[in-house]
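To start, the structure itself, in structure tokens.
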Amino acid sequence: MISVVIPAYNEEKIVGDVVASFLKLFDDLSLNGSEIVVVDDGSDDDTAKVAEAAGAKVLRKIENLGYGHSLKLGIRLATNDTIVIIDADGTYPAEELPKLLEHFDAGYDLVVGARTGSFYRESWYKSPLRKILKLLVEYTTGRRITDVNSGFRIFSKKTILPYLTSLSDVFSFTTSMTLVYMLSRKSVKYTNIPYNNRIGATKVRLFRDSLRTLQYIAQVILLYNPLKLFLALSFLLFAMGVVGFVSAGFGLGVGLILGWQSMLASVIVLAIGFLADLVRQTRPSVHTDDVKPRDSIQ
């Protein structure tokens, strides 16, 4: 039995088809007792009515409070432990669910559908931003990541509940989830899936949401592995110091001042990083060892 949680905002054109595709899958796979929970994020169209008519349980919010906020509500409302999240815009094919379920049943804590195809690549300016985000998250976690913010995922409700308060309320939910699971030493599996053309206009605001994502990455690093952030800043300041000393050698007087100040700042930042990591190790936390892996829960 699974619970499919679908956050939706002004998706009346397609949300009914998405719900219907999962209901058909439930019948085909004999997933009796499964459910679909649509969280209407304050839509000003008939998203809620269409979803309910298609056969979903619907929770309607009177105000648009964010993608992640809707997912948190839907996860808490879900009656089954196996949670599937997916977008309401038709970009993720429901028929790929069995592939993800196979890996989840094998014992992974999180299974993610890694997007492929021309519709995922989209515009030229999104690709470098995704690569930068991917590099940042891979640096933070020390693990290879195929698709950092895919919205098609399977995980256990028991596993994610202790983390929900620290996850983003907006579009960074999936990115922050990836970070938290990996930094908490959870097993994560990526499997390639096709990505379809979305129906309707995108709700993502690239510049604004990119800044918010960077904010949450910094927050998660400070919570789970602060030394990595301070090491990066310390290295940057050290490099500035080297540049300052080199420029001083070419007769630029201000370079010597820049060099000494940057080197001193580099040492101070590194010391702060060690202190932050010491605080992390001494504080009680539910985010690491207190949350058991799935094979010890079942």
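The values are calculated or read from the model by the stated rules, or taken from the named source; none is laboratory data. Everything numeric here is computed off the predicted structure, so don't read it as measured data. So basically every Cβ, Gly included, is an ideal-geometry build from the backbone, and we count neighbours across all protein chains shown. What goes into the accessible areas is simple: the full protein's heavy atoms, side chains included, and nothing from ligands, DNA or RNA. Shrake-Rupley method; radii C 1.70, N 1.55, O 1.52, S 1.80 Å.
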Item to check | Total residues in segment 124-183, condition among the acidic types (Asp, Glu) and open to solvent by less than 10 Å² (accessible area, probe 1.4 Å) | outcome: 1
Item to check | 1 or more residues more than 26 Å from VAL112 (Cα to Cα), open to solvent by less than 90 Å² (accessible area, probe 1.4 Å) and modelled with pLDDT of 80 or more: qualifying helices (runs of 4 or more DSSP H) within segment 195-282 | outcome: 226-249, 253-282
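Let's see how each residue does on (1) modelled with pLDDT under 95; (2) over 28 Å from THR213 (Cα atoms); (3) of a type in the set (Val, Ile, Thr):
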| position | (1), (2), (3) |
| --- | --- |
| VAL4 | no, no, yes |
| VAL19 | no, yes, yes |
| ASP28 | yes, yes, no |
| LEU31 | yes, yes, no |
| VAL39 | no, no, yes |
| GLY66 | yes, no, no |
| ASN80 | no, yes, no |
| ILE86 | no, no, yes |
| ASP89 | yes, no, no |
Item to check | Test for LYS157: is it at pLDDT below 80 and not hydroxyl-bearing (Ser, Thr, Tyr) | outcome: no
Next on the checklist: For segment 49-64, which positions are hydrophobic (A, V, I, L, M, F, W, C) and touching a residue at least 40 places away in the same chain (Cβ under 8 Å)?
Outcome noted: ALA51, ALA56
Checklist outcome for this item: Selection from segment 136-166 of residues part of a strand (DSSP E or B) and of a type in the set (A, V, I, L, M) yields ILE154
Checklist entry - Is it the case that some residue within segment 180-189 is over 19 Å from LEU229 (Cα atoms) and part of a helix (DSSP H, G or I)? => result no
Checklist outcome for this item: The number of residues in segment 135-187 that are of a type outside the set (A, V, I, L, M, F, W, C) and over 11 Å from the mean Cα position of the chain (by Cα) is 20
